[in-house]
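Data block below; observations after.
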Amino acid sequence: MVGTVCLCTLFGGNAVAIKISLSGMGPFTNAGVRFAVAAAAISLWALATGRSFRLKRGRLRHVLTVSLLFTCQLSLFYLGMERTHASRGALMTNLVPFFVLILAHFVIPGDRFTVRKALGILLGFGGVVFLFSERTGLAAELRTGDMIVLGAVMIWSVNSVYVKRVINGFEPFHLVLYPMVFAVPVFFLAGYAADPPMALPPAGDVVAALAYQALVTASFGFVAWNTLLRKYGAVALHSFIFVMPPVGVALGGFLLGEPITSRILVALLLITAGILVVHVRPRKLTPAMPLGRGY
């Protein structure tokens, strides 16, 4: 499972890549460029592998719902990441599995709480309490960014649960590609209206960070995750997502010089422990989502 660990490591670095690219491009423009490139790459992959782009009858409304949620989720996430640290954003994005567990209990038949799930949720949200309890030296804009990212995570969780309910009627790439196609013009219009400016003269690190987001996590990540999913199954893959939070925190500190405080380390420990409790040797198989498109 070396490939799975490497893939989760790549996903873990995505928040840092977003933060770097935001230094040279407005948040909406950034998202527009990223997902335009990713949509083109996934389309080429689908054509090369002979996949059908055609939706079954009655599926368009589901695509539109997922697309609206996706657009709102990414808009908030990029706006929040502009204001907070990559390490804090990386921790908060890993709350999605815990929100999904809570929502799935109420809306997905047969998906019920267990002692293991409840313990994992308590650990995960305990990490958020430690993260948000840090006040000393924390700028107001940073706290605002945290709250915006948390809002994005909540919408992302709703989107994930909705997709789990409807995915059986789709080719998995449909629910990755079509939301991107829907969102890209919205992002560019919002960028034209709200990003001051849309982009600065391109710098090498910004271009590299955008390429990482578009081609590594949103495109290659989707293909690789689904390939491994077919080979090893949901349980085996999800057992390794605990790699993502420490990678995000470590890269935020190493590459961006972000402060790694004791509270961030406690939050990291609790969130990672919660992921391990939930996903290592779970009681039953659950559908895995392609992680590459989430953020």
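Readers should treat all values here as calculations from the given coordinates under stated rules, not as data from a laboratory. Since this is a predicted model, take the numbers as computed values, not measurements. We place every Cβ from the backbone using ideal geometry, glycine too, and count neighbours over all the protein chains shown.
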Non-local residues with an amide H under 5 Å from the amide H of Met25, with H modelled 1.01 Å from N and Pro and chain starts lacking one, are Leu200
About its Cα centre, what dipole magnitude does region 2-293 give when the only charges are +1 on Lys and Arg Cβ and -1 on Asp and Glu Cβ, stated in debye to the nearest 20? 1280 debye
Run the numbers on the chain and let me know its relative contact order in percent, using alpha-carbon pairs under 8 Å that are six or more apart. 40 percent
What is region 170-276 by shape, rounded, prolate or oblate, if you read a ≥ b ≥ c off the alpha carbon gyration tensor as root eigenvalues and call it rounded for a/c under 1.5, prolate for a/b larger than b/c, and oblate otherwise? oblate
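Work out which helices of the chain, taken as complete DSSP H runs, extend at least 18 Å along their axis over the Cα atoms and score a mean Kyte-Doolittle of 0.5 or more, then list them. Don't skip to the answer; put the middle values down first.
Numbers: long enough: 27-48 (32 Å, 1.28); 60-83 (35 Å, 0.88); 115-132 (26 Å, 1.81); 140-166 (40 Å, 0.76); 174-194 (29 Å, 1.73); 262-279 (26 Å, 2.17).
Helices passing the filter in the chain: 27-48, 60-83, 115-132, 140-166, 174-194, 262-279.
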Which label belongs to the value computed from this structure, given these candidates for Cα extents along the principal axes in Å: (i) 60, 41, 37; (ii) 51, 40, 37; (iii) 54, 51, 34? (iii)
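Give the range of the longest stretch in the chain that excludes all trypsin sites (Lys or Arg not before Pro) found in loop regions by DSSP and having at most 16 other beta-carbon atoms within 10 Å.
Longest gap between qualifying sites, sites excluded: 136-282.
Counting other Cβ atoms within 10 Å, keep those with at most 14, restrict to DSSP loop, and tell me which chymotrypsin sites (Phe, Trp or Tyr not before Pro) in region 1-64 are left.
Working: sites: Phe11, Phe28, Phe35, Trp45, Phe53; in loops: Phe53.
Those satisfying the criteria are Phe53.
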Longer than 24 Å from Cα to Cα, which of Lys117/Lys231; Lys19/Lys231; Lys117/Lys164 are they? Say none if no pair is. Lys117/Lys231; Lys19/Lys231
Can you classify region 68-107 as rounded, prolate or oblate using the Cα gyration tensor, where a ≥ b ≥ c are the square roots of its eigenvalues, rounded means a/c under 1.5, and otherwise it's prolate if a/b beats b/c and oblate if not? oblate
Put +1 on the Cβ of each Lys and Arg and -1 on the Cβ of each Asp and Glu in the chain; which of Pro185, Gly50, Asn94 then has its Cα farthest toward the positive end of the dipole? Gly50
Assuming R0 = 45 Å, what is the FRET efficiency of Leu68 and Ala199, from their Cβ-Cβ distance, to the nearest 0.05? 0.95
Which value results for Rg/Rh of region 30-154 when Rg is the Cα radius of gyration and Rh the Kirkwood radius based on the inverse mean 1/r? 1.06
Using alpha-carbon positions, the gyration tensor of region 101-155 gives root eigenvalues a ≥ b ≥ c; with a/c under 1.5 called rounded, otherwise prolate if a/b exceeds b/c, else oblate, the class is oblate
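In deg cm²/dmol, rounded to 500, what helix-only [θ] at 222 nm does the chain give when every DSSP H run of at least 4 residues adds -39500 (n - 2.57) and the total is split over its residues? Kindly include the intermediate steps, with their values, before the conclusion.
Values: 14 runs with 207 residues, N = 295.
It comes out at -23000 deg cm²/dmol, rounded to the nearest 500.
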